[in-house]
Amino acid sequence: MTSLTGELLEEEVELTLGELCRACQLPAERIFALVEEGVIEPAGRDTTQWRFQGISVTRVHRAQRLERDLGINPAGVALALELLEEMDRLRRRLRRLEG
């Protein structure tokens, strides 16, 4: 039997850079790289004041899986995440139209 553990974060939750690093178990340098590629977007200009939405944890985890499982580079990960999220939006819209 497999046991899963995790954290559920609402979109309204804001995380500091340190909190995001701890939640994703990644060094700040890796988070900087994901921000640079557009995988996640912080609020604030100064890195000491960056705040991330709770959804950033999910995006970082998805990015890690895409890189690890499919060997996609960071730029490709950003594009893949955008496309996956667009597919999710279109599916939700289609369900509303059908319902």
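Quick look at the numbers
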{"read-out": "With 5 Å bins from 0: P(r) over the chain, alpha-carbon pairs, percent", "value": "2, 12, 20, 21, 18, 13, 8, 4, 1, 0"}
{"read-out": "Within a Gaussian network of the chain (alpha carbon springs, distance under 10 Å), most fluctuating of 39, 60, 13", "value": "13"}
{"read-out": "Mean Kyte hydropathy of -1.0 or more with a Cα span along the axis of at least 18 Å, helices from DSSP in the chain", "value": "55-70, 74-98"}
{"read-out": "Cβ-Cβ FRET estimate between residue 82 and residue 26, R0 fixed at 22 Å, reported to 0.05", "value": "0.60"}
{"read-out": "DSSP loop GluC sites (Glu not before Pro) with at most 10 other Cβ within 10 Å excluded, longest remaining stretch of the chain", "value": "13-99"}
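Just so you know, all these numbers are worked out from the coordinates, no wet-lab data involved. Keep in mind that what you see is a predicted model, and the values were worked out from it rather than measured. We place every Cβ from the backbone using ideal geometry, glycine too, and count neighbours over all the protein chains shown.
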